[in-house]
1. Select from the stretch 266-288 the residues that are small (Gly, Ala, Ser) and modelled with pLDDT of 75 or more and list them in ascending order.
2. Within the stretch 299-337, restricting attention to residues that are polar (S, T, N, Q) and over 23 Å from the mean Cα position of the chain (by Cα), which residue is nearest to residue 383 (Cα to Cα)?
3. Here are some conditions: (1) outside any loop (DSSP other than H, G, I, E, B); (2) exposed (fewer than 15 other Cβ atoms within 10 Å of the Cβ). Residue 358 meets all but one. Which one does it not meet?
4. Considering (1) at pLDDT below 80; (2) within 17 Å of residue 309 (Cα to Cα), say which one residue 375 fails and leave the rest.
5. From the set of residues in the stretch 206-246 that are of a type in the set (Phe, Trp, Tyr) and in a loop (DSSP other than H, G, I, E, B), which is modelled with the lowest pLDDT?
6. Test each condition in (1) touching a residue at least 40 places away in the same chain (Cβ under 8 Å); (2) loosely packed, with under 12 Cβ neighbours inside 10 Å for residue 371 and report the one that comes out false.
7. So residue 421 passes all but one of these: (1) assigned by TED's automatic domain parsing to the domain that holds residue 336; (2) modelled with pLDDT under 70. Which condition number does it fail?
8. Looking only at the stretch 144-168, which residues are in contact (Cβ under 8 Å) with a residue 40 or more places away in the chain, assigned to a helix (DSSP H, G or I) and hydroxyl-bearing (Ser, Thr, Tyr)?
Amino acid sequence: MSSLDQMLLRWKDEGLLDEAICLRLAEYERGRRGVTAARPVLIELLSYLALVLAIAGVVLLVGVNWEHMTPSARVAVLAVPGLLILAAGRFLFVSGVPGLRRGGSMSWLLSLVLLTSSVGVAGSELGANAETAGLAAGGAALVLASVLWLLNRTDLQVFGLAGASLTLSIVATVYWAASLSDSNILILFGVLMLYQFVGGAALVRLGFMRPKVTAGVLSVLGIAGGASAFSVGLSSKFSDFDAETVGGASFMVFGLWGLVGARLRVLAPELLVGLLSQLGYSFGAVNLAVGIAGEIGHSEATIAGAVLIIAGTTLIALTEVGVCAPRASARVVGAAGLLAGASAASVPDGPVAAEALPLLLAVALATLSLNRRSFLYMAAGVVAAFIGLVVPVARHVEDPTVAALLLIAIGLTMLAVLALLARYQPWSGSLRSGPSTVGHNRLGSA
């Protein structure tokens, strides 16, 4: 219910207006608001329609007459509409009407594409090779996008700036690609992406880059893309190591860097950066585990499980000292790594000593749960204990019936122990001959 409806209802209840007048006033105001709200929407739609028609005309003109155009005409057919759309966007933006301002932002984004293309075409028509012309167009795109963003700091201009950064990374990589190997090409592209988008993330952190959320999200995506390219290139460069090993280690390093950066608020938004970094760390840990196990060549499951346990322990340790954020998802990822490692390390075909790993993890997780008051760690400890009890039974007991009875006996024994603990509560400092009401209330609220 709107504030007007609330006022009319109150006036009617107090007898100031009758119901018929209240209904007529409400209908009048709703109709007036509908008309005034529809006007900006219609104007905005018309501005988008005008842009689409103009761009369609440019595309049609280029497609039909490109082969018959002179060099200057080829540049003009892109540059002139780009400048006209840029000027029109300025007029739309200064109008003050929200719908027209958004139309102006879209105009500037489209003019960026046209003017950048005209620079590339001009370079080609002046005799430059395709790589040089592309590099010139990429540099012009970044400069023009930066200027347009400084003049109009909207979401669409941030998208234009991110697109220009990506374009410059691509054309610069293509420019130097002839003298580089495939692995070095990926490494170069990753470095260029990281250089630009880490810089963008730093500007977001300093409060200079706005709108903050859009700029932060695009910076994170750019960093993720650069890190992926760099990791793949680095892994393919080292022929002495398995690609999964080097790539996994690279992803883990970038994941940890993102987690620390998010926690220290160097990278923003913190939640998205943290989640993406945890995803990268997890992907890297799995690949590193598989790669190392494959290189060693024996007890592969046990080796992979040990690597996952180390990775999970590292993440949990960093999380609990306050380095990694968001904490809840970091705990989930760390605990999942421990459980996956325990399951892999204690497979029936592995070393007998590895059977103790899940039980040791269960004790550690239970202790951590009590210390941090985290139900997640307690649940993970229960799963680890289950793995630690089931695997030895499956390994050493051949008769399925005996194995089932043994598991039932273990479960009932644990329940009996818990019942005795609940009755006598040895942690309270004194043994009791009967159940304690105070202790019972305390346990029930925990």
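1. The initial filter retains those residues of the stretch 266-288 that are small (Gly, Ala, Ser), namely 268, 274, 277, 280, 282, 284-285.
The answer is 282, 284, 285.
2. Checked the stretch 299-337; the qualifying residue nearest to residue 383 (Cα to Cα) is 302.
3. (2)
4. So the condition that residue 375 fails would be (2).
5. Taking the candidates together, the pick is 241.
6. All conditions pass for residue 371, except number (1).
7. (1)
8. Scanning the stretch 144-168 gives 165, 167.
The values are calculated or read from the model by the stated rules, or taken from the named source; none is laboratory data. The model shown is predicted, which means the values in this text are computed figures rather than measured ones. Cβ: placed from backbone, ideal geometry, glycine included. Neighbour counts: every protein chain shown.
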